1. Give the peptides 313-320, 444-451 in descending order of average Cβ contacts within 10 Å, highest first.
2. How far is it, in nm, from the label point at residue 517 to the one at residue 326 when both lie 7 Å from their Cα along the line to the Cβ?
3. How big is the Kirkwood radius of segment 130-183, worked out from every pair of different alpha carbons and given in Å to one decimal?
4. Can you tell me the order of 100-107, 487-494, 229-236 when each peptide is scored by its average per-residue count of other Cβ atoms within 10 angstrom, highest first?
5. With the crude spin-label approximation of a point 7 Å out along Cα→Cβ, what separation in nm comes out for residue 159 versus residue 531?
6. Which order do the peptides 246-255, 423-432, 160-169 come out in when sorted by mean C-beta neighbours inside 10 angstrom, highest first?
7. For segment 276-325, what log10 I(q)/I(0) values come out of the Debye formula at q = 0.15, 0.22, 0.27 1/Å, with one point per alpha carbon and no solvent?
8. For residue 170 and residue 368, compute 0.36 nm times the residue count separating them, minus their Cα-Cα distance, and round to one decimal in nm.
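What follows is calculated from the coordinates using simple rules that are stated; it is not laboratory data. In this text the structure is predicted, and so the values were computed from the model without any measurement. Quick reminder, even Gly has a Cβ in these numbers, built from the backbone with ideal geometry, and neighbours come from all protein chains shown.
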Amino acid sequence: MSAVAMRTYAGGRAADDRPRPCRMARTVLLLSKYTVAGFRVCDRGNIVPAVVRKLQQKSAGAGSAPVTSLNGMRSRLFTAENRKWWTLVAVSFGLFMIMLDNTVVNVALPSMQKSLGIDRSELEWVVNAYALTFGVLLLSGGKLADLLGRRRIFIAGLIVFTAASLVCGLAGTATVLIAARTVQAVGAAMMNPATLSIITATFPARQRGMAIGIWAGVSAMALAIGPLVGGILTEKISWGWIFFINVPIGLIGMVAARVFIDETRDTSREQRLDLPGLVTSAVGLFALTYGLISTNHHAWTSALVLSMFAIAAVSLTAFVLLELHQRAPMLDLSLFRNPTFAGANTVMLLVGLAMFGIFFFNSLFLQNVLGYSAIQTGATFLPMTVLIILVAPQAGRLSDRIGPRWLMSAGMLLLTGSLLCFSRLDASSSWWAILPGLLLGGFGMSMAMTPTTAAAMHSVPVDKAGVGSAVINSMRQVGGSLGIAVLGAVVATQVHVQPPNPKAITQFVAGYHDALYVGACITFAAAWVAALTIREARHQRAPAPEPAVGA
């Protein structure tokens with residue numbers, strides 16, 4: 001009798017003839033191994049879907065090595081070649097929220113005012129609290145990203161921004177809403193510089209322009225669709241949903257950032273936080289921005305405005321002097337010795353000055369003069385939005401090939417033409433009369449903003465990408481605040497009565513036209529600045545070790 005037969009006869013069973021548990025027992029055993037989500041829990045960091053493991057077991061016989069960890073799956077699904085594009089997708093979640101909140105709030109302001117029972121001054125602070133804090137802290141956010149790690153600061157900013165958005169949507173008083181908007185801006189100031197510095201550290205020089213073009217396209221798309229999204233959510237649901245929409249986007253962004261973004265930081269020299277520089281720059285930029293915004297309600301020669309400008313001058317002068325003598329300055333002023341970096345930042349300041357103000361007053365013109373609703377106003381900008389989405393990445397690619405100089409100049413001239421087209425509008429204009437200005441503006445913004453950003457980022461060392469990104473974004477934000485204040489003052493010179501006086505619309509249109517002429521002069525000057533200062537942008541490389549990678 002064989003050994004197998006003897007074991008069977010003696011009450012034992014062969015290895016291939018073991019008793020099988022009943023169906024219920026097998027089910028209990030299965031549930032003990034897998035979670036309700038269908039995942040098998042193994043050692044930490046090794047969570048693989050049960051279905052994938054089954055497929056791995058089947059394919060193992062065919063000679064394919066099974067993937068036994070999440071990192072293994074990532075290495076197969078996301079190769080070194082395409083991983084950088086997933087990194088771009090991850091940072092785009094945060095960027096989209098930041099830019100969306102710059103414009104989504106405007107169309108919801110009347111609903112907020114009625115719901116919360118607040119006056120016009122408090123309503124303005126709902127917008128200004130975000131803009132002021134964002135502009136003031138951008139440089140600090142860029143420094144923290146270079147110092148502590150760009151992924152770490154980006155994710156921290158995402159968490160702060162998402163949590164503050166939830167509080168904004170739940171706010172029942174103006175005080176809570178304004179405070180939450182301020183915290184939102186803190187998160188945005190942490191994220192925004194990190195997005196560009198992560199892109200700069202991730203993409204090779206030959207693809208950096210295209211990546212920045214996509215970055216600019218996402219930014220412009222969020223800015224452009226903000227009024228439409230805000231109008232739809234406010235009219236169809238409630239104003240709180242313009243903030244609630246950030247919560248799922250933020251949660252997805254956190255997961256994507258954790259999975260796809262590698263940690264990088266500035267390893268070129270000893271790093272420490274420059275507290276004197278942080279304080280003086282924050283006070284100076286706050287005073288400057290607050291003073292400019294105050295000109296909407298106070299004369300330029302009023303005590304409030306002049307005192308703010310004086311504080312700004314003293315603080316920013318102190319900041320420059322401190323940075324020149326700091327061993328580890330927050331802002332390396334030697335970057336401005338590069339004419340391309342200095343020129344690109346000047347152009348960005350001028351573009352922000354002209355275009356932010358014009359977008360603001362275009363929205364007022366469409367609603368107060370032409371009688372458009374919030375949704376109609378947002379939809380009017382869709383042709384420009386589509387062009388920016390389509391053209392911005394191509395402008396970045398073309399900038400890589402031929403350089404940013406002439407693209408920037410051409411874009412500025414197109415923006416000049418766009419503003420002159422808008423200056424022909426009046427109270428009887430149709431949508432077709434608005435369209436040429438929108439089309440020229442879409443092409444112009446794409447050809448101007450993307451190469452300008454690329455030129456600035458190409459002209460700084462990779463290790464300084466966080467600070468370089470913060471500077472270019474600060475220029476845009478400060479320029480935007482300056483533009484609304486300056487162009488608002490231009491409009492105010494023509495407006496002497498308020499609705500329902502029938503002369504109010506006529507006077508507003510006259511002031512609107514004057515503001516457009518001033519904006520056209522600014523963009524025309526920016527075209528000359530680009531032509532005279534921008535040179536072929538080859539990215540500077542600091543003699544530093546490989547960026548630190550890890551959590």
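1. Per-residue Cβ counts within 10 Å, averaged per peptide and sorted highest first, yield 444-451, 313-320.
2. 4.4
3. The Cα-based Kirkwood calculation yields 12.0 Å.
4. So the peptides 100-107, 487-494, 229-236, ranked by packing, come out 100-107, 229-236, 487-494.
5. Calculated label separation equals 5.1 nm.
6. 160-169, 246-255, 423-432
7. Once normalised to I(0) and log-transformed, intensities are -0.38, -0.67, -0.86.
8. Details: separation 198, 0.36 × 198 = 71.28 nm, distance 2.95 nm.
Full-extension gain reported as 68.3 nm.
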